[in-house]
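So the structure is just underneath, and the comments pick up after that.
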Amino acid sequence: MAKRKPIIFSIDDDPQVLRSLKSDLRSQYKADYRILSVGNPDEALSSLPELKKKGEEVALFLADQMMPEMLGVEFLEKAIEFFPGAKRVLLTAYSDINAAIKAINDVQLDYYLLKPWDPPAEKLYPVLDDLLDDWQAAYKPQFNGIRVIGYQYSPHTHRIKDFLAGNLRPYEFLDIEYSERGKELLDLNELTTHDLPVVVFEDGSSLAHPTEQEVATRVGLNPNAKSDLYDVVIIGAGPAGLGASVYGGSEGLKTLLIEKRAPGGQAGTSSRIENYLGFPKGLSGSELSRRALTQATRFGVEFLSPQAVQKLELEGQYKKLTLGDDNVIYSKAVVIATGVEYRKLPVADIDKFSGAGVYYGAAMTEANACKNRHVFIVGGGNSAGQGAVYLAQYARQVTILIRRPDLSKSMSSYLVEQIDSIENIEVVGRRQVVEVKGEDHLQSIVVENIDTQEQVEHPTSSLFVFIGAKPNTEWLAGTVFRDEKQFVLVGRDVMHEERFRKVWLQDREPYLLETCMPGVFVAGDVRSGAMNRVASAVGEGAMAIKFIHSYLATV
């Protein structure tokens, strides 16, 4: 994203003077500033709110005093309402010096220049150089991009933030309770707190109380397929789906990748993956997702997001997929890589605080709000450990609550060692959360000692939950065989089902990653018996494409 240059804004109703002024300003300052020149003060004033909405900054106003539509002093007085930090210079004739001197008090005028200013190297640039140096000394560049205005403990606001973060779209969060900039943007867009959350885009436009789909459309995501028929459709853009898409695209298959929400899956929310082959210093889940998606796109893979698949059916040799918007596409083969999601904490009223203090795998999204606070994590797996390490950079104290005595049997040893070395992380074994309390957001949790049943209440506004996983397979009910935990059965496990001979009408056995529906394969955490590691998921995605080649050769 290109850095915006601050603006030098000149206003003069005399076209010849304005051209000369514009030329001199560009000659000296175009490398560091954007030069805007307007001949009508009313037009200039009307442009200021739009510049403000877009997050532009005006470093200096240079206005002619004797304009028939509006005196320069009057213009500056109105302009400083939008950009109070901008330096203010008045262009005057010798006869207007008294007005200029008066303006020093009336509009905090920084300087007045007599016309003509030739030569500019002596009479213009030294003055403006000093003023711009002063302005730069106090200048703090605003964030250049999407801004989300809302309440910190609003579930809707959290969903929008998490959606943008998951889709690798940088944004700035402005908490309306504390951010003057947020309040100012609401006023500029003629909105109120009843419209929150509000998303303000780089072009200054805004969406009030938006859905994720509305935001997706505005940031360039594509939920609509370009074709009706594909060689392979991959459902889910976690590591397994991304791996399958890279290999499918690179091997010449017409490949479509569909993601319900954001690429990366659970791995995409990880702050640091340190045991992935080829990255000795580790990399974040979002960086892995970005690299993989870029690689897949380079191989011609089409990516749909946000889009869901709600039904999978056989029509002859083709697989019919009904999307969330009821559109239909067909494919010769399908890879199911829908992954898993964190289980909900089984505590009364927990849903009341979801996105309002209770977060499921959202450590990176909410870390900034945890500065100097005591936060709690429930869970003892790698995701919990990675979340704790990341949050420890922001929070005053991070407490990991686990049911086991310690982390040794549930977390990779490199993470256990890392956690042991971080002073503001504590691990408390044989503990469980039994109650959550608060009004409009989480304010405390009650933690029980499993051995003694002693209960202690801890004040906190942030509880991060990383417990277990359930597969995203509800939409497959009645379509493919699943185990007792609803993970999808493949290969020889399919053949052990009593129903197998009734549904499998092929002369061959199912391939290693193939379901009971010929040509439909499974990769990653959604598979029954999966390893739950990023490397194995990527590998299974690649394997699925190998088997698809074998399958396509037989139909």
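Summary of values
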read-out	value
Residue ID - nearest to the chain's Cα centre (by Cα), chosen from residues in region 23-53 that are basic (Lys, Arg) and crowded, with 17+ Cβ neighbours inside 10 Å	LYS53
Residue check for ASP187: acidic (Asp, Glu) and under 20 Å from GLU212 (Cα atoms)	no
Considering residues of region 209-252 that are free of Cβ contacts under 8 Å to residues at least 60 places away in the same chain and polar (S, T, N, Q) only, the residue farthest from LYS320 (Cα to Cα)	THR211
Residue list for region 383-396, restricted to those being open to solvent by less than 30 Å² (accessible area, probe 1.4 Å) and not in a loop (DSSP other than H, G, I, E, B)	ALA384, GLY385, GLN386, GLY387, ALA388, VAL389, LEU391
Matching residues in region 110-128 - criterion: being open to solvent by less than 50 Å² (accessible area, probe 1.4 Å) and not aliphatic (A, V, I, L, M)	TRP117, PRO120, TYR125
Entirely in region 159-220, the strands (runs of 3 or more DSSP E) that have 1 or more residues that are of a type outside the set (Phe, Trp, Tyr) and open to solvent by 50 Å² or more (accessible area, probe 1.4 Å)	171-175
Those residues of region 295-313 which are touching a residue at least 60 places away in the same chain (Cβ under 8 Å) and of a type in the set (Phe, Trp, Tyr), in sequence order	PHE303
Matching residues, region 524-537, being without any contact (Cβ under 8 Å) to a residue 60 or more places away in the chain and either in contact with a Ser or Thr (Cβ under 9 Å, 6 or more places away or on another chain) or buried (at least 21 other Cβ atoms within 10 Å of the Cβ) (or both)	ARG527, ALA530
Residue match in region 487-505 (condition: under 30 Å from GLN386 (Cα atoms) and assigned to a loop (DSSP other than H, G, I, E, B))	yes
Selected residue (only one of PHE521, PHE487 is under 21 Å from PRO346 (Cβ atoms) and surrounded by 19 or more Cβ atoms within 10 Å (Cβ to Cβ))	PHE487
Any hit, region 275-283, residues being hydrophobic (A, V, I, L, M, F, W, C), under 20 Å from the mean Cα position of the chain (by Cα) and buried (at least 24 other Cβ atoms within 10 Å of the Cβ)	no
Index of the failed condition, ALA553 passing every other in (1) open to solvent by less than 20 Å² (accessible area, probe 1.4 Å); (2) small (Gly, Ala, Ser); (3) free of Cβ contacts under 8 Å to residues at least 60 places away in the same chain	(1)
Count of residues meeting criterion [more than 15 Å from the chain's Cα centre (by Cα) and modelled with pLDDT under 95] in region 208-226	5
Single residue of region 408-422 satisfying the filter (modelled with pLDDT of 95 or more and assigned to a loop (DSSP other than H, G, I, E, B)) that is surrounded by the fewest Cβ atoms within 10 Å (Cβ to Cβ)	SER421
Options LYS260, LYS281; residue that is in a loop (DSSP other than H, G, I, E, B) and in contact with a Pro (Cβ under 7 Å, 6 or more places away or on another chain)	LYS260
Strands (runs of 3 or more DSSP E) within region 289-374 that include 3 or more residues surrounded by fewer than 14 Cβ atoms within 10 Å (Cβ to Cβ)	309-315
Neighbours by Cβ (under 8 Å, 6+ apart or cross-chain): first from region 129-141, under 18 Å from LEU113 (Cα atoms); second outside any helix (DSSP H, G or I) and at pLDDT below 90	LEU131/ASP110; LEU131/TYR111
Selection count, region 83-113, where residues are modelled with pLDDT of 70 or more and either touching a Cys at 6+ places or on another chain (Cβ under 7 Å) or closer than 17 Å to LEU60 by Cα (or both)	16
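Rundown of residues vs (1) of a type in the set (S, T, N, Q); (2) assigned to a loop (DSSP other than H, G, I, E, B), yes/no style:
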residue: VAL436; (1), (2): no, no
residue: GLN443; (1), (2): yes, no
residue: VAL447; (1), (2): no, no
residue: PHE464; (1), (2): no, no
residue: LYS470; (1), (2): no, no
residue: VAL480; (1), (2): no, yes
residue: PRO518; (1), (2): no, yes
residue: ASP525; (1), (2): no, yes
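The values are calculated or read from the model by the stated rules, or taken from the named source; none is laboratory data. As the structure is a computational prediction, the values presented were derived from the model and not from experiment. Note that we place each Cβ from the backbone using ideal geometry, even for glycine, and neighbour counts take in every protein chain shown. All accessible areas refer to the heavy atoms of the entire protein, side chains included, with ligands and DNA or RNA removed. Shrake-Rupley method; radii C 1.70, N 1.55, O 1.52, S 1.80 Å.
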